[in-house]
Every structure is written in structure tokens, then in C-alpha cells.
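One structure is given here, and the rest of the page talks about it.
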Amino acid sequence: MIWTAAVLTLLMVACSGESCTDPVISPSAYTTSDAVISSESVFIVELSLSCANGAQSVTLYADVNGRQFPVTRGQDVGKYQVSWSLPHKQASSGTYQVKFFDEESYSALRKAQRNNEDVNSIQPLFSVNIDHRGAWSGPWVSTEVVAALIGILVYYMAFSAKSTIQA
């Protein structure tokens with residue numbers, strides 16, 4: 001019985017992520033800029049994280065406008081990435097704040113959501129602002145229409161010139 005309790009305790013300690021104190025981050029972000037070739041706007045945030053206490057395997061979660069996403073850990077130590085997508089009409093241009101939570105603050109966030117409490121009172125580990133300029137959906141008039149109009153105009157001018165020459 002003691003061995004079982006010891007193994008379960010050891011397993012819980014091994015599975016839990018480390019907590020990070022005084023995080024230092026260097027983020028980079030990508031957002032979709034062309035709506036012609038894609039069906040949704042994609043947001044990708046990559047960051048390097050270093051903690052004052054030397055924690056290396058920090059489990060992170062991201063919150064964007066009330067939607068939570070798991071943050072994947074890269075192969076390199078301290079590299080993380082989170083991504084999500086929205087339909088182009090919902091992905092308006094502007095600044096998106098991505099809040100990052102460790103396991104402890106994420107569980108407090110989820111608890112507050114379940115109990116309909118104020119989620120803004122829960123402080124994230126850190127946050128990153130992403131500027132999205134919106135997605136370009138192409139020209140107002142397609143090139144095929146412009147080419148057809150030019151063709152009709154040239155035909156009309158040639159036909160008018162022929163009519164005046166024959167008259």
C-alpha cells in the first residue's frame with residue numbers, strides 16, 4: 001500500500017509542469033494577409049521563454065478573446081508556439097492580446113469560467129500583443145472583367161472607324 005502511494009505521488013510530481021518566475025520572452029507572430037488563397041485567417045505566435053528560476057519544461061496555455069488553446073513546446077529548450085484560425089469575416093483588423101497561463105493560473109481561469117466569475121481578475125504569466133492588419137480579399141474588379149471590357153471597347157472603336165470610312 002505504501003509503495004502504491006509512493007509511486008502515485010512520484011508520478012504526479014513527474015507529470016506536473018514547472019512553474020516559471022519572472023519570465024523573459026522574445027515573441028514573433030504571423031497572421032494571414034491574403035484572403036484570396038485561404039479560407040480562414042491564421043494566427044501563429046512563436047516565443048522563446050526563459051525563467052529566472054531556470055524552469056525549462058513549463059506547461060503553457062493561451063487565451064485569446066475568451067478562447068483557450070494549448071501551447072506546444074518546441075524541440076529546442078524554451079521554444080513555444082500557439083496557433084489558431086478564424087473565418088476572415090470574424091478576424092477583424094486590430095490588435096489581439098494573447099494571454100499565457102501556466103498550469104496553476106490556467107486551472108484558476110477554468111474554475112472561474114465554470115463558476116461564472118470574473119476571469120479578468122486572474123493574472124496571466126505574461127501576455128503578447130499581435131497586430132493583424134486584416135486579410136486582403138483581392139481587387140474589386142477581376143482582371144477577366146477588365147480584359148473583356150477592353151476587348152469590347154477596342155471592337156466598338158474598330159467597328160465605328162470602319163463605319164465612318166465606308167460612309
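The values are calculated or read from the model by the stated rules, or taken from the named source; none is laboratory data. In this text, all values refer to a predicted model and were calculated from it rather than measured experimentally. Because the Cβ atoms are built from the backbone with ideal geometry, glycine has one as well, and the counts that use them run over all protein chains shown. The protein model used for the area step is the full one, side chains on, heavy atoms only, and it has no ligands, DNA or RNA in it. Shrake-Rupley method; radii C 1.70, N 1.55, O 1.52, S 1.80 Å.
Residues of segment 39-58 that are small (Gly, Ala, Ser) and open to solvent by 50 Å² or more (accessible area, probe 1.4 Å): 39, 50, 52.
Among strands (runs of 3 or more DSSP E) entirely within segment 22-72, having at least 3 residues that are acidic (Asp, Glu) singles out no element at all.
Among the residues of segment 153-166, is there at least one that is aliphatic (A, V, I, L, M) and under 29 Å from residue 99 (Cβ atoms)? No, segment 153-166 contains no residue that is aliphatic (A, V, I, L, M) and under 29 Å from residue 99 (Cβ atoms).
Checking each residue in segment 69-127 for being surrounded by 16 or more Cβ atoms within 10 Å (Cβ to Cβ) and in contact with a His (Cβ under 8 Å, 6 or more places away or on another chain) picks out 91, 96. The sole residue among 33, 28, 93, 50 that is touching a Pro at 6+ places or on another chain (Cβ under 8 Å) and farther than 28 Å from residue 114 by Cβ is 50. Has segment 117-126 got at least one residue that is farther than 19 Å from residue 84 by Cα, in a helix (DSSP H, G or I) and in contact (Cβ under 8 Å) with a residue 24 or more places away in the chain? Yes, that holds for at least one residue.
All conditions in (1) farther than 25 Å from residue 123 by Cα; (2) open to solvent by 20 Å² or more (accessible area, probe 1.4 Å); (3) modelled with pLDDT of 85 or more; (4) not aliphatic (A, V, I, L, M) hold for residue 61, with the sole exception of (1). On the given criteria, is residue 136 of a type in the set (Phe, Trp, Tyr), touching a residue at least 60 places away in the same chain (Cβ under 8 Å) and either exposed (fewer than 14 other Cβ atoms within 10 Å of the Cβ) or more than 18 Å from residue 23 (Cβ to Cβ) (or both)? Criteria met by residue 136.
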